[in-house]
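Beneath this line is the structure, given in structure tokens, with notes to follow.
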Amino acid sequence: MKIVFIRHLKTPGNEKRQYIGRTDEDLSEQAVEEFRQRQKKSIGGLYPPVQHIIASPLKRCIQTAELIYPGQEISTEPMLRECDFGEYEQKTYEDLKDEPEYIRWMESGGMTAFPGGEEQISFRRRCVGGVKKWIGRLLSEETDSAAFIVHGGTIMAVLSELSEDAYEFYHWQVENGGGYVAEVTAEDWENGRKILRKVKRL
């Protein structure tokens with residue numbers, strides 16, 4: 001089965017380089033227009049066709065899924081939401097660079113929680129659990145291909161845990177609208193080897 005991971009297009013907060021986690025923003029008008037212009041120029045399509053689409057329930061992911069795969073049914077999965085950045089939601093590096101707790105977060109490699117936010121370990125475990133749940137279901141339904149339209153943090157969490165190529169979390173950073181394609185085999189998953197094979201950038 002082919003699995004595609006796509007990070008949502010930019011929101012106004014992304015364009016301002018803010019931390020946007022639980023904040024439920026729409027896509028920016030500029031991002032939507034740029035996508036439509038790229039789509040017009042594309043001959044073979046910007047993204048691989050898929051049978052099934054699973055998205056984070058936040059608007060930026062649903063709207064991205066609707067643009068990329070118009071007319072197709074979209075299933076939403078709460079476990080795939082972005083990390084909650086707590087008190088640092090909608091703030092930028094410039095806003096935070098002198099905050100002692102933010103400095104500690106940076107020095108920890110992003111492993112501590114922002115004040116009032118979600119613990120990083122819990123966030124990563126949640127995302128991986130959501131993807132595993134859906135892959136198991138898709139394999140049982142003999143699905144040939146599926147796309148997960150999610151957040152940058154969600155993609156990094158999942159690939160750092162499930163890719164057969166062992167790389168750390170930030171190796172898997174991807175731009176808005178970018179992503180990865182991977183393969184899953186029923187044999188692997190039935191035998192307890194819950195891994196993503198042949199992971200490549202889109």
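The values are calculated or read from the model by the stated rules, or taken from the named source; none is laboratory data. As the structure is a prediction and not an experimental result, all values here were calculated from the model. As a convention, Cβ positions derive from the backbone with ideal geometry for all residues, glycine included, and neighbour counts pool all protein chains shown. For accessibility, only protein heavy atoms count, side chains too; no ligands or nucleic acids. Shrake-Rupley method; radii C 1.70, N 1.55, O 1.52, S 1.80 Å.
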Practice item. Please work out, to two decimal places, the log10 of the ratio I(q)/I(0) at q = 0.19 Å⁻¹ from a Debye calculation in which every Cα of the stretch 111-153 carries one identical scatterer. Key: -0.67
Check your understanding: Which semi-axes, in whole Å and largest first, does the equivalent ellipsoid of the chain have when worked out from the alpha carbon gyration tensor as the square roots of 5 times its eigenvalues?
Key -> 27, 22, 14
Check your understanding: What are the GluC sites (Glu not before Pro) within the stretch 1-106 that DSSP puts in a loop, where the Cβ has at most 11 other Cβ atoms within 10 Å?
Key -> Glu73
Revision key, fill the gap. accessible surface per residue for the stretch 80-166, probe 1.4 Å, DNA/RNA/ligands not counted, whole Å² -> 47
Review point. What pairs from Lys10/Lys198; Lys10/Lys91; Lys16/Lys97; Lys40/Lys198 go past 18 Å between their alpha carbons?
Key: Lys10/Lys198; Lys40/Lys198
Point to revise | Heavy-atom accessible surface of the chain: percent carbon and sulfur, 1.4 Å | key: 46
Study note, to complete from the structure: Excluding residues fewer than 8 positions from Lys194 in its own chain, the lysines with Cα under 30 Å of it are Lys2, Lys59, Lys132, Lys133
**Study point:** Solvent-accessible area of His171 with every protein chain in place, 1.4 Å probe, in Å² to the nearest 10
**Key:** 80
**Study point:** Per-residue [θ]222 nm for the chain (sum of -39500 (n - 2.57) over DSSP H runs n ≥ 4, rounded to 500)
**Key:** -11000 deg cm²/dmol
Study note, to complete from the structure: Given a Förster distance of 41 Å, the FRET efficiency implied by the Cβ-Cβ spacing of Gln51 and Arg22, rounded to the nearest 0.05, works out to 0.85
